[in-house]
Amino acid sequence: MKINTHGSCAHGFEKVSTAFERNFVENGEVGAAVAVWVEGELVVNLWGGWADAAGTKPWREDTLAAVYSGTKGLTSTCVHLLADRGEIDLDAPVAAYWPEFGQAGKESVTVRMVMCHCSGVIGPRKRLTAEETLDWDKVCERLANAEPWWEPGTAQGYHLASFGFILGEVVRRVTGRTVGQYLRTEIAEPLGDIDVHIGLPEHEHARCAEMVNKPYVKDIFAFAPQEASALDDHPLMAAVISADFIPDDELSRIDIGLWRSAEFPGTNAHVSALGMATFYNALAQEKLLSREQMEKVRMPGFGFDIDLCLGPRAADHGWGLGYMLNKGGHAGPNLNIFGHGGSGGSFAFVDLEHRIGYSYVMNWFDATKAHADPRSVALSDEVYAALGVGANLLALNAV
């Protein structure tokens, strides 16, 4: 099958295009896009392949891809924007904004703990059905009543689905708007109505890429410390508020249109590569958050102990305040970038030192990748090579 790629690269960045085309030939790419801003200039904007598995729908510049946990970078920025404006105190209890949350041992849980994945509130003891997760108030009621799975602040465990609901409810209580609404009005529209969406309007669904080889829940948790063959008998079943964050999952089925339209602020954003890169470029240009706030963002949130939910692979990157870090150096030479990957391979980040806003999206999913997918690393490595930044960059190891 012949692969057509489109778009442009600025002078000096041509090898990014070569690496992008190589991904289709050597790494099984079906459809994908990559966009990169450097110093406020769009230096890479490439797309190619097919938006469907059958190879009948070409990938376009405005094709939307599901980025799963890449959503968390968008949601976290909404929270940090409110903190920058003095409307949220990250060290305040969640219950200061959502009083009903302050029960069942969660009185001390702060907004910061949720953003660092160390609150212990990875979900209710009994997983909700897919249909129940479409009822925002129902999910929040269950989370408000839930006991933490460990003493808040004493351990780290990825808040896969609860992250978005807890922070989303805090945003709603403070602003009167959902995270998706706040993202549109305070970030996406002011930046030129960029394509970053949490809760995708139905009339935009036709632009979505089909998810090929989409991951299952069991695949995402395959490296968990207490791996079990049946999730229903596994403590991590609580981390999955329901299996619906991956539509058509083998454990629970939900119409993909309903899933795309719903707001799951930790797991179901739909973006174009250009839209997501423009979002991170706004961070690089300090148009969204102050530099002071972003320095707080990229400080390690808890440490580098084994993640109770994801296992040792989370140590490859470490967690900042709502974002993945790069402390293992697997996503490029600057250890101080921050952003977020999504299950399957999408990745986006900001590099404040080199003023880079980067995004890679695709529709062929590898469930073992959510941070340093080789397809993305090949592209970002060429970006750094074009800038003359080598893999031995050490001067920026400590922020």
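Every number here is computed from the coordinates shown, using simple stated rules; none is lab data. None of these values were measured; they are calculated from a predicted model. Please note: Cβ atoms are built from the backbone with ideal geometry, for glycine as well, and neighbour counts cover all protein chains shown.
Would you mind computing Rg(Cα) / (2.2 N^0.38 Å) for the stretch 1-61, counting N as its residues?
Working: Rg = 11.9 Å, N = 61, 2.2 N^0.38 = 10.5 Å.
In units of the 2.2 N^0.38 Å rule of thumb, it is 1.13.
Give the peptides 49-60, 115-126, 5-16, 178-189 in descending order of average Cβ contacts within 10 Å, highest first. Mind dumping the intermediate values first?
Working: 49-60: 17.4, 115-126: 23.2, 5-16: 15.7, 178-189: 20.2.
My ranking of the peptides, most packed first, is 115-126, 178-189, 49-60, 5-16.
Considering the Cα positions of the stretch 61-202, please state its Rg to one decimal place and its Dmax as a whole number of Å.
My reading of the Cα-based Rg and Dmax gives 15.1, 48 Å.
Please work out how much length the chain gains when fully extended from E41 to H203, using 0.36 nm per residue of separation minus the C-alpha to C-alpha distance, in nm with one decimal. Walk me through the numbers on the way to the answer.
On the way: separation 162, 0.36 × 162 = 58.32 nm, distance 3.10 nm.
Residue separation times 0.36 nm, minus the Cα-Cα distance, leaves 55.2 nm.
Please compute P(r) over all alpha-carbon pairs of the stretch 87-163, binned at 10 Å starting from zero, and give each bin as a whole-number percent.
20, 55, 24, 1
A 23 angstrom limit on the alpha carbon distance is what I want to check against. Which of K15/K296; K15/K287; K126/K369; K72/K369; K214/K296; K106/K327 exceed it?
Details: K15/K296 34 Å; K15/K287 29 Å; K126/K369 28 Å; K72/K369 16 Å; K214/K296 34 Å; K106/K327 30 Å.
The answer is K15/K296; K15/K287; K126/K369; K214/K296; K106/K327.
Under a no-solvent Debye model with one identical scatterer per Cα of the stretch 261-391, what's log10 I(q)/I(0) at q = 0.15 Å⁻¹?
Log10 I(q)/I(0), no solvent term: -0.71.
Taking the Cβ of V121 as the centre, find all other residues whose Cβ is under 9 Å away and add up their charges (Lys, Arg: +1; Asp, Glu: -1).
Computed value for this residue: 0.
If a paramagnetic tag sat 7 Å from the Cα of S261 along the Cα-Cβ line, which residues of the stretch 124-157 would have the backbone N under 16 Å from that point?
Correct set: 131-136.
Would you tally the net charge around E87, using a Cβ to Cβ cut-off of less than 13 Å, leaving E87 out, and scoring K and R as +1, D and E as -1? All intermediate terms of the calculation are to be shown ahead of the outcome.
Working: positive: R85, R172, R173, R177; negative: D84, D89, E186.
Neighbour charge sum, excluding E87 itself: +1.
What does the extension gain come out to for D193 and W136, with contour length at 0.36 nm per residue minus their alpha carbon separation?
Values: separation 57, 0.36 × 57 = 20.52 nm, distance 2.57 nm.
Value of the extension gain: 17.9 nm.
With a Cα-only, solvent-free Debye model of the stretch 137-200, what are the log10 I(q)/I(0) values at q = 0.17, 0.18 Å⁻¹?
Once normalised to I(0) and log-transformed, intensities are -0.72, -0.77.
Given the options S108, L81, L42, identify the residue whose Cα lies farthest towards the positive end of the charge dipole of the stretch 10-117 (+1 on Cβ of Lys, Arg; -1 on Cβ of Asp, Glu).
In the stretch 10-117, that residue is S108.
For a protection proxy built on the mean count of beta-carbon atoms within 10 angstrom, sort 368-374, 68-74, 157-163 highest first, please. The partial results should precede the final answer.
Details: 368-374: 21.0, 68-74: 27.7, 157-163: 26.1.
Top to bottom by mean Cβ count within 10 Å: 68-74, 157-163, 368-374.
Give me the extension gain from A92 to T18: residue separation times 0.36 nm, minus the current Cα-Cα distance, reported in nm with one decimal.
On the way: separation 74, 0.36 × 74 = 26.64 nm, distance 4.84 nm.
Length difference between fully extended and current span is 21.8 nm.
Highest first, please rank the peptides 332-339, 192-199 by the mean number of other Cβ atoms sitting within 10 Å of their residues. Present the calculation step by step, with values, prior to reporting the outcome.
Values: 332-339: 23.1, 192-199: 20.4.
Result, highest mean Cβ count within 10 Å first: 332-339, 192-199.
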